[in-house]
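One structure is given here, and the rest of the page talks about it.
The values are calculated or read from the model by the stated rules, or taken from the named source; none is laboratory data. Only a predicted model underlies this, so the values are computations on that prediction, with no experimental measurement involved. Here the Cβ is made from the backbone with ideal geometry for all residues, glycine too, and neighbour counts use every protein chain on show. For accessibility, only protein heavy atoms count, side chains too; no ligands or nucleic acids. Shrake-Rupley method; radii C 1.70, N 1.55, O 1.52, S 1.80 Å.
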Amino acid sequence: MLSAPAGAVTRSPASVVARALATDASMTPAAQRVYLAARPTVDDRATFADHCPVFEAPDTVVLGCFVPNRDRIHVLRIDRPELASGMAVTAAHEMLHAVYARLPREERRTVDAMTAKFYASSSGASLRDALTDYPPRERAGERHSRLGTEVAHLPPKLERYYGKYFRHRAVVVAASAAYEHVFDDLESQLTALDAEITTLQSEVDELGDQADAAGAEAQRLADEIDHLRADGRIAASNDLVDPQNRAVETANALVDQHNALVSEANARIDAYNALVLTNQQLIDSVKPLGSTR
């Protein structure tokens with residue numbers, strides 16, 4: 001393992017935060033030596049965009065990068081408290097990239113074989129989808145970082161391997177899950193609200209049709225009463241007064257129910273739109289400035 005050269009890590013506020021992430025991610029001393037050798041920074045969105053201008057996978061949110069030719073680690077500063085756990089995960093993820101870059105050829109082959117075997121037998125669709133976004137030459141290194149930071153249960157040999165870099169690997173896996181849960185929970189809420197809105201809209205349409213039909217019946221009876229009275233058939237017209245009143249009451253009740261459902265549907269739509277806005281704000285908070293991803 002490489003140690004940080006004397007004076008390479010400055011005592012700027014960013015480096016203090018970067019050092020704290022190593023503790024948050026439960027890095028071992030060996031892992032911290034590699035991590036600090038890469039002079040990690042925790043950057044605001046504008047600086048991060050300069051430090052990490054090339055994104056490995058299109059249409060993904062990138063929270064950090066390891067720049068091999070400069071041996072540097074950069075982590076995006078996340079200001080949203082509910083997403084803050086993503087910084088420790090990112091620091092650990094990029095540290096594993098730095099570790100992978102330093103592995104001797106034979107050891108890398110051994111590690112690649114272990115991670116590839118687990119990946120081939122894994123049923124984790126999200127992991128598979130994520131890796132397919134990367135160029136083939138980068139997938140082994142990305143697999144090495146993702147398995148170590150995102151997968152709770154690994155084969156014993158892999159657990160022993162990652163044990164060199166994490167005192168308690170479950171800590172960083174839990175932090176990864178907490179970060180992902182924020183977006184997964186929002187997606188679940190949006191899906192549920194969308195289903196409720198669809199159902200309510202169907203009920204609104206049905207009640208609207210019923211109210212229209214009841215209103216039409218009330219109007220038909222009113223017109224018939226008028227015609228009968230115009231013909232001087234007062235007794236016959238009087239016989240229709242009660243049915244006409246009941247038709248009006250039915251129409252009014254259906255209109256009230258319809259309006260109540262419209263209000264309920266609108267409330268659900270407002271809640272849905274508010275969640276969409278929250279979701280977009282969260283996504284924007286972890287996008288480098290100038291990013292169109």
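Things worth noting here:
- Choice from Leu275, Leu207, Leu154 with maximal GNM fluctuation in the chain (Cα, 10 Å cutoff): Leu207
- Taking a straight Cα-Cα cut-off under 17 Å and skipping sequence neighbours fewer than 8 places away in the same chain, the aspartates and glutamates within cross-link reach of Lys287 are Asp43, Asp44, Asp50, Glu56, Asp59, Asp79, Glu82, Glu180.
- Distance between the stretch 232-293 and the stretch 141-166 - C-alpha centres, whole angstrom: 52
- The chain, helix-only ellipticity at 222 nm - DSSP H runs n ≥ 4, -39,500 (n - 2.57), divided by all residues, nearest 500: -24000 deg cm²/dmol
- A dipole drawn for the stretch 207-291 from +1 and -1 charges on Cβ atoms has a positive end, and of Gln219, Ala251, Tyr272 the residue lying farthest that way is Tyr272.
- Axial C-alpha extent at least 20 Å, average Kyte-Doolittle at least -0.5 - helices from the chain (DSSP): 85-102, 169-230, 241-285
- Ala174/Gln257 FRET efficiency (R0 51 Å; Cβ-Cβ; nearest 0.05): 0.60
- Heavy-atom surface of the chain, accessible at 1.4 Å and reported per residue (Å²): 53
- Listed by chain and number, the lysines whose alpha-carbon sits under 19 Å from that of Lys117, ignoring those within fewer than 8 places in the same chain, are Lys157.
- The modelled label-to-label distance between Leu240 and Arg128, using points 7 Å beyond Cα along the C-beta direction, is 6.9 nm.
- Split the accessible area of the chain by element, probe 1.4 Å, and carbon with sulfur accounts for 54%.
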